[in-house]
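All of the numbers you see were taken from the coordinates with simple rules; none came from a lab. Since we're looking at a predicted model, the values are computed, not measured. As a convention, Cβ positions derive from the backbone with ideal geometry for all residues, glycine included, and neighbour counts pool all protein chains shown.
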Amino acid sequence: MKHIWLSVFIAAISIVISSCKIENSNNAAGQSEESSVTVVDSNWQADPSFGSSGSVRWVAMVRNNSQKHVEKVIVEFTTFDSSGRLITSTTSYAAAIPPGETRNAESYADYYGTEHSATFKISSVRFRGH
């Protein structure tokens, strides 16, 4: 009896999966729409005297290279020590970027005093109408 129910369950899941619409988000150049939104400039500065425990202030300039209006972009900022070990990571967003234009995402990250390098990465893109 358990095998029959398992077979019915698997068949039902297969039907649901096969009926799902898979959208291809590649543009004419074979590039995904999300990858056409990029960080074009960035900066960060550790400030040990900020507040009671210090902070790392960061800013990233984000460009919309697509033909669609971007509703929101989430930028991830990550700091590393001199050995390449992750210290902390935080996110912020840039809102409403028309095609071909730029907006800034900026925020603060926790300060530990061992910050040596940092990366900026687009972690999410929301286009208008999606």
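General remarks:
- Derived scalar couplings ³J(HN,Hα) [region 103-112; Karplus, 6.51 cos²θ - 1.76 cosθ + 1.60; whole Hz; x for Gly, Pro]: 9, 9, 10, 8, 6, 10, 10, 4, 9, 10
- Region 36-127 shape via C-alpha gyration tensor axes, a/c threshold 1.5: prolate
- Size of electric dipole in region 36-127: Cβ of Lys, Arg +1 and of Asp, Glu -1, about Cα centre, debye, nearest 20: 340
- Gain on full stretching of the segment that runs from S117 to S89 - 0.36 nm per residue minus C-alpha separation: 8.9 nm
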